[in-house]
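The structure appears below as structure tokens.
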Amino acid sequence: MDIEFLRSICLALPGTTEGIKWDHDLCFMVAEKMFCVTSLEPPHRVSFKVPDEVFEELSQRDGFIPAPYMARNKWVSVEKTSKVSKKEWKEFVEQSYHLIRSKLPKKVQKELGE
């Protein structure tokens, strides 16, 4: 996994913007709400939101940990990006996007389109 691959997944989702936060993290957002964050410096660590019911299971998977500062919101962090297939990256990022988007006001969701 490289940053350009991650960017291609994230930026393909409607209404996604990107920005640098905390001086060294690339954040992907929908309506200013983060759904995926990666470190700019190798080794890359990628964090994203997961459904409540799979948080514990994923947190214990090899290469994953509860995301620092965001675990209480059911975010995980991938420390070993090679442990995740390209198909899984797409699924995890899209799932995180939809979890965050679903919490936005209905009006904003409608403005984002499909």
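Every number in this text was worked out from the coordinates using simple rules, so none of it is lab data. Here the structure is a predicted model, which means the values were calculated and not measured. Methodologically, a virtual Cβ is constructed for each residue, glycine included, from the backbone with ideal geometry; neighbour enumeration extends over all protein chains shown.
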Item to complete: Would you be able to say whether some residue in the stretch 79-99 is of a type outside the set (D, E) and at positive phi?
Response: no
Worksheet entry | Every residue from the stretch 75-89 that is exposed (fewer than 15 other Cβ atoms within 10 Å of the Cβ) and touching a residue at least 60 places away in the same chain (Cβ under 8 Å) | S82, K86
Practice prompt. Under 8 Å between Cβ atoms, at least 6 apart or on separate chains: pull out the pairs that start in the stretch 48-74 with a residue that is touching a residue at least 24 places away in the same chain (Cβ under 8 Å) and end on any residue that is assigned to a helix (DSSP H, G or I) and β-branched (V, I, T).
Written response: F48/V93; K49/I100
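This table checks each residue for (1) of a type outside the set (G, A, S); (2) farther than 22 Å from E111 by Cα; (3) in contact with a His (Cβ under 9 Å, 6 or more places away or on another chain).
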| position | (1), (2), (3) |
| --- | --- |
| D2 | yes, yes, yes |
| F5 | yes, yes, no |
| A12 | no, no, no |
| I20 | yes, yes, no |
| D25 | yes, yes, no |
| K33 | yes, no, no |
| E41 | yes, yes, yes |
| H44 | yes, yes, no |
| D52 | yes, yes, no |
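Taking the criterion of being closer than 16 Å to V30 by Cα and of a type outside the set (V, I, T), would at least one residue in the stretch 57-69 satisfy it? Steps first, answer last, please.
Pass one, the stretch 57-69, residues closer than 16 Å to V30 by Cα: none.
Checking the stretch 57-69: not a single residue is closer than 16 Å to V30 by Cα and of a type outside the set (V, I, T).
Looking only at the stretch 1-57, how many residues end up being aliphatic (A, V, I, L, M), surrounded by fewer than 18 Cβ atoms within 10 Å (Cβ to Cβ) and either in contact with a Phe, Trp or Tyr (Cβ under 8 Å, 6 or more places away or on another chain) or within 15 Å of E94 (Cβ to Cβ) (or both)? Before the answer, list the steps.
Narrowing the stretch 1-57 to residues aliphatic (A, V, I, L, M): 1, 3, 6, 9, 11-13, 20, 26, 29-31, 34, 37, 40, 46, 50, 54.
Going one step further and asking which of them are surrounded by fewer than 18 Cβ atoms within 10 Å (Cβ to Cβ), we end up with 3, 11-12, 20, 31, 40, 54.
When the remaining residues are screened for being either in contact with a Phe, Trp or Tyr (Cβ under 8 Å, 6 or more places away or on another chain) or within 15 Å of E94 (Cβ to Cβ) (or both), the result is 11-12, 54.
Residues flagged as aliphatic (A, V, I, L, M), surrounded by fewer than 18 Cβ atoms within 10 Å (Cβ to Cβ) and either in contact with a Phe, Trp or Tyr (Cβ under 8 Å, 6 or more places away or on another chain) or within 15 Å of E94 (Cβ to Cβ) (or both) within the stretch 1-57 amount to 3.
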Worksheet, complete the sentence: Considering the stretch 75-114, residues that are of a type in the set (K, R) and under 23 Å from P14 (Cα atoms), and then whichever is nearest to the chain's Cα centre (by Cα), we arrive at K90
